[in-house]
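Participant: What follows is a structure written as structure tokens; I'll ask about it next.
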Amino acid sequence: MAPPAAPRWSTRRWFNTPDPLTLEALRGRVVMLHAFQMLCPGCVSHGIPQAQRVASQFADAPLTVVGLHTVFEHHDVMGPAALEVFLHEYRVRFPVAIDQEGPAGDPTPQTMRAYGMRGTPTVVLIDAAGRIRQQVFGIYDDLQLGRDLGALITEATMEGHRPSERDLRAAPTPGCDEAGCAIDPE
């Protein structure tokens, strides 16, 4: 069975990129989508630093790290202004989108729901053809992530996919526990 196509992202604002990113524009590149909340302990202690290391270590590879701030709790304190300060203070340089809110009364954001995410942190690996190849909720072991990314990058290179002409690396801009924050199953 072929891997499923990655759903499009429903976002309302972007940071660290001059233009909003789309999966279509990233075709030919491997995408590491890192879903997080700035008040999620597992995201702050592990997920964000891991995504930053990947963005740095794979800077010359056909790979783009994209952050998705997907807030399903504490909505009032995790708005765009707070996220902007968070990204600056934690020196996050890769592109980050704010997930579009769910329909009225639904606390789960649209992209989070489309991907069936169980909480944060979640890493989704999307191959160069735009298909979901891996989705991990919680801590993604560094060695396993490196192996998975290496395989996808090798596959993209072997299949003749070429990196986008546009440099997508970001320009600098001015119920939780240590493993993550799960959605309340009400």
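Participant: Using the count of nearby Cβ atoms within 10 Å as a rough guide to exposure, how do LEU152, LEU23 rank from fewest to most?
Facilitator: Exposure proxy ranking, most exposed first: LEU23, LEU152.
Participant: At a Förster radius of 41 Å, what calculated FRET efficiency corresponds to the Cβ-Cβ distance of GLU101 and ARG27, to the nearest 0.05?
Facilitator: That gives a FRET efficiency of 0.90.
Participant: Which length gain, in nm to one decimal place, applies between SER56 and ASP142 when the Cα-Cα distance is subtracted from 0.36 nm times their residue separation?
Facilitator: 29.6 nm
Only the coordinates and a few stated rules stand behind these numbers; no lab work does. Source: prediction; values computed, not measured. We place every Cβ from the backbone using ideal geometry, glycine too, and count neighbours over all the protein chains shown.
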